[in-house]
Amino acid sequence: MNASAYIGLGANLGDAKQTLLDAVDSLRTTSGIFRCVVSPFYASDPIDATGPTFVNAVAHLETSLAPLNLLDELQRIENRFGRLRPYRNAPRTLDMDLLLYDKLTINTPRLTLPHPRMHLRAFVLKPLQDLAPDAKIAGRSLHAWLENCRDQNIRPLKIKDPTALNGSDL
């Protein structure tokens, strides 16, 4: 049986837009992932971090992978793109966070679902809202959570070849 999962994607080193496009291609060719729809891309200022502007998006997956197996695949893809973790919130070539996995709640040292800080970050909430406008986090609409983040700078980005994502999904 397949599960529905939402993945946050972000990068702020190198060619961040191209990295996200390539990461989406990696997701689409990962065994156990059967569908991958991607939100529009956004630029956002770092939060609790330093460094250049981020490029962010959210991907909606249908997958047969269990949550920890999916997390392993996300980290494998991050590593392939040169992800380093020298310190918390360091600038990064690629960041992929498992945000939601069906309606599952998990709280382990390795994985917390739903993602514990997604309701505090416009760069997650806005692209998630693009894919799942009726979604709720802790019983509140994404719109309500976004109101709490209105001081965070986020703006839509144009992609040269929208068909590289989903065509009509942009």
Worksheet item: Over the chain, what relative contact order in percent results from Cα pairs under 8 Å that are six or more residues apart?
Response: 30 percent
Worksheet item: So who's got an amide H within less than 5 Å of the one on LEU157, skipping anything under 5 residues away but keeping other chains? H placed 1.01 Å off N, in plane.
Response: PHE41, TYR42, ALA43
Practice prompt. Enumerate the amide H contacts of ASN148 below 5 Å, restricted to partners 5 or more residues apart or on another chain; note that Pro and chain-start residues carry no placed amide H.
Written response: none
Worksheet entry | Distance between modelled label sites at ALA135 and ASP48, nm, 7 Å Cα→Cβ extension | 1.9 nm
Worksheet entry | Net charge contributed by nearby residues that have their C-beta within less than 12 Å of ALA144 (K/R +1, D/E -1) | +2
Worksheet item: Based on the Cβ-Cβ distance from ASP151 to ASP25, what FRET efficiency comes out when R0 is 35 Å, to the nearest 0.05?
Response: 0.55
Worksheet entry | Förster-model FRET efficiency, 25 Å R0, SER4 and ARG110, C-beta, rounded to 0.05 | 0.75
Worksheet item: What are the ³J(HN,Hα) values, in whole Hz, obtained from phi via the Karplus relation 6.51 cos²θ - 1.76 cosθ + 1.60 with θ = phi - 60°, for each residue of segment 25-37 in sequence order, with x given for Gly and Pro?
Response: 4, 4, 4, 5, 9, 7, 4, x, 10, 9, 8, 9, 10
Fill in: Estimated vicinal HN-Hα couplings, Hz - segment 94-103 in sequence order (Karplus 6.51, -1.76, 1.60; Gly, Pro = x)
7, 10, 10, 10, 6, 8, 9, 9, 6, 10
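Here, each number is a calculation from the coordinates, and none is a lab measurement. The structure displayed is predicted, hence computed values, not measured ones. As a convention, Cβ positions derive from the backbone with ideal geometry for all residues, glycine included, and neighbour counts pool all protein chains shown.
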